[in-house]
Amino acid sequence: MSDEPTEGQGEDVPVASLDPAMVEVAMRRLRDQQNLGAGILAGAVAAVAGAVSWALVTVVTEYQIGWMAVGIGFLVGYAIRAAGKGVDPVFGLAGALLALLGCLLGNLMTVCYFVSQGEGIPMMDLIPQLTPEIVIELMTATFSPMDLLFYAIAVYEGYQLSTRPVTEEDLQAAATGPVIG
């Protein structure tokens, strides 16, 4: 018996009351419940919703609020956790990536809005003109070193919150519960 944390969880949980074979059975059952596709889809929807929210807040206030990035990381992480039920690190990686993409998209949408207003071009006419080179130029021109801090927090949250924490009670229930599927 070991007091080591189980694989795939974010915190130390003693599992001394379970024998290693039961822990393995329990983790296999928890992994059988995982759905990476559903997690990624939910995370992508959350990233887009967060990006739109960030852009709207920035447009309305005419001030970029970096803490919106933290909200995107939170939204993405919890969406992936709820839909994906993941215990493996790949869920965290998906959360980190989608949180970063949500932040970048929020900034890009904001920049596009202000460019469209400044140039008198409808946003729907501006968007099709975006090429990777133009996007990079816009993002570079509006980049602030403080963006890195908020992006890093969002990525961290997206990673940490995307995996399901596994408690000793979860392991006991999974190890002793009925065999599913």
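List of remarks:
- For the chain, the longest site-free run once GluC sites (Glu not before Pro) in DSSP loop states with at most 12 other Cβ atoms within 10 Å are removed: 63-181
- P(r) of the stretch 64-181 over all Cα-Cα pairs, binned every 10 Å from zero, in whole percent: 14, 32, 26, 16, 7, 5, 0
- When the chain is treated as a GNM with alpha-carbon contacts under 10 Å, the residue of 66, 118, 77 showing the greatest mean-square fluctuation is 118.
- Stretched out straight at 0.36 nm per residue, the stretch from residue 28 to residue 137 would grow longer than its current Cα-Cα span by 34.5 nm.
- Where the Cα pairs of the stretch 26-122 fall when distances are cut into 5 Å bins, in %: 3, 15, 22, 17, 13, 11, 8, 5, 3, 2, 1, 0
- Residues 103, 112 arranged by fewest to most Cβ contacts within 10 Å: 112, 103
Throughout, read-outs are computed from the coordinates displayed, never taken from laboratory work. Because the structure is predicted, anything quoted here is derived from the model rather than measured. Heads up, the Cβs are rebuilt from the backbone with ideal geometry, glycines too, and the neighbour counts pull from every protein chain shown.
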